[in-house]
Amino acid sequence: MGTNRFVPFERLLECVHCGLCLPACPTYVLGGNEADSPRGRIYLMRSLEDNELELNAGVVEHFDRCLGCLACETACPSGVRYRELIEHMRAAIEKHYQRPALERCRRQLLLALFPYPRRLAAALWPARMLQRVGLGAWLRARFRWAALLPERWSRTRLACRIPAAGTERGSVALLTGCVAHAMFGDTHAALVRLLTRHGYSVHVPQGQGCCGALALHLGEPALAARLAERNLAAFASFDGPILVAAAGCGAALKDYGRLFAGTAQEGVARRFAARVQDATEFVASLDLAPPTVPRHLRVAYQDACHLAHGQGIRHAPRNLLRRIAGVEIAEIAESDACCGSAGAFNLLEPQLASELGARKAAAIRDQKPDLVAVANPGCALQIGAALRRAGGPIPVLHPIEVYAKALDGSLAPLASS
């Protein structure tokens, strides 16, 4: 009989061990190890609950190798909520397993920096300055983590309220997040330009921050809840749509009801989650001016895991890109397979992440695109690095940025550079 030391035992029984998740799991596809598949990990969870296994380094390694990409949920015919199982297991590992000191330090450093955009921007400032003076290639060659840095980045600097241009059709709020805030300000600026140009005012509440997804990925649900509480408070006075341009953040925000289940905040969290929309989801529903590019462009679209599998959004980004006259969507092989970013996975499991990145870069290069579009900042960093390693950079942009640049007339020159 399960004791629920690690995960809710009754949830483990939902898995019928059919194996349909295996070919969808990136780590299983790479190594062919059953223990590195969703079915295998669920079997390990059950063995731990039944006291048939000890939580040791070998067992923990199989869970650490899980990307949390949720492709298994899409493939599962039984509707197993694997995300809940792996979140419980990660939290249990941090509670019951003593990691080596160096590993603990690395994880604590990530948790101390990445959820806080000001700290992250300050920590990355030297790297940004080196890139500005032309030493970016040197930096990337010298430090493994620096290989992930984009060739161009920008911070978000937005007013608390940006009014609509002309007659106001409505208003939205924007969650800027942490990594997106510190490194992908151009995406948020492009989204604001699109929205205000088409009659929407944009609110950027003060006091907001990280969605909490990274903390959950690293087995720290209490920290995730504290970060989420900041966002609930920051957006409390706004009752319209809440837009987010990072797929991983959107999936986490839409799951706030579960994060606060059984607490006094659950009702507020569920109402908040019901208003969250991915930026492509919202913008694709608008009657936008159709832009044209001066020459034919092939755009390879990569399905971000937490957009396709986590939120079930596949058509909106593609529909947005198809509105641009002169743009052809180049569908890549295994488009919804994880690129290897997965929260902090590419920092904590660099070898596996590099193999997945190389696989993704090869699939993209096979299509000979002018641009790559992906709706998540972590994916943009990972794919950009993988493409550089594979023989030269290809511009990687958010679909929102592609559309906005097409309207501005600045997309084709970027693709030519």
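The values are calculated or read from the model by the stated rules, or taken from the named source; none is laboratory data. Not measured: the values here are computed from a predicted model. Please note: Cβ atoms are built from the backbone with ideal geometry, for glycine as well, and neighbour counts cover all protein chains shown. Accessible surface is based on the protein model in full, side chains and every heavy atom, while ligands, DNA and RNA are left aside. Shrake-Rupley method; radii C 1.70, N 1.55, O 1.52, S 1.80 Å.
Quick notes
- The residues of the chain expose, per residue, 42 Å² of accessible area to a 1.4 Å probe.
- Cα-based reach from Lys368 at 29 Å (exclusive), listing lysines while leaving out same-chain residues under 8 positions away: Lys360, Lys405
- Only Lys, Arg, Asp and Glu carry charge here, each on its Cβ (+1 for the first two, -1 for the last two); on that basis the range 5-95 has a dipole of about 180 debye about its Cα centre.
- For the range 140-155, the Karplus equation 6.51 cos²θ - 1.76 cosθ + 1.60, evaluated at θ = phi - 60°, returns couplings of 5, 6, 8, 10, 4, 5, 6, 4, 7, 5, x, 6, 9, 8, 7, 8 Hz by residue, with Gly and Pro reported as x.
- Cα-Cα separations in the range 235-321 greater than 17 Å, expressed as whole percent: 56
- Annotation: amide H-H contacts under 5 Å for Val276 (H modelled 1.01 Å from N, sequence separation of 5 or more, or interchain): Ile242.
- log₁₀ of I(q)/I(0) at q = 0.13, 0.14, 0.20, 0.23 Å⁻¹ - the range 277-364, Debye sum with one point per alpha carbon: -0.52, -0.60, -0.99, -1.13
- Gaussian network model of the chain, Cα within-10 Å springs - most flexible of Ala330, Ala71, Ala233: Ala233
- Residue-span extension gain [Leu102 to Arg81] - 0.36 nm each, minus C-alpha spacing: 4.3 nm
- No disulfide-compatible partner, judged by a Cβ distance under 4.7 Å, exists for the following cysteines of the chain: Cys15, Cys18, Cys25, Cys66, Cys76, Cys105, Cys160, Cys339, Cys379.
- Computed 3J(HN,Hα) for the range 280-289, one whole-Hz value per residue from the Karplus formula 6.51 cos²θ - 1.76 cosθ + 1.60 where θ = phi - 60°, is 5, 4, 6, 5, 5, 7, 8, 8, 8, 5, glycine and proline marked x.
- Using alpha-carbon coordinates, inclination of helix 221-234 to the longest axis of the chain, degrees: 30
- Accessible surface, 1.4 Å probe, highest first, among residues Met129, Met89: Met129, Met89
- Computed FRET value (nearest 0.05) for Asn319 with Arg258, which takes r as the C-beta separation and R₀ as 22 Å: 0.15
- Nearest-ten-degree value, helix 117-132 long axis tilted from longest Cα axis of the chain: 60
- In this simple spin-label model, placing a label point 7 Å from the Cα along the Cα-to-Cβ direction at both Leu288 and Arg132 gives a separation of 3.1 nm.
- Within the accessible area of the chain, the carbon and sulfur atoms contribute 54%, probe 1.4 Å, all protein chains present.
- In order through the range 325-342: 3J(HN,Hα) via Karplus (6.51 cos²θ - 1.76 cosθ + 1.60), integer Hz, x for Gly, Pro: 5, x, 9, 10, 7, 9, 6, 8, 5, 6, 4, 9, 7, 4, 7, x, 6, 6
- Rg over Rh, two decimals, the chain (C-alpha only, Kirkwood Rh): 0.96
- Mean residue ellipticity (222 nm) of the chain, computed from DSSP H runs ≥ 4 via -39,500 (n - 2.57), nearest 500: -14000 deg cm²/dmol
- Simple Cβ-charge dipole of the chain, Lys/Arg +1 and Asp/Glu -1, about Cα centre, in debye nearest 20: 1440
- Assuming charge only on the beta carbon of Lys and Arg (+1) and of Asp and Glu (-1), the dipole of the range 248-339 about its Cα centre is about 220 debye to the nearest 20.
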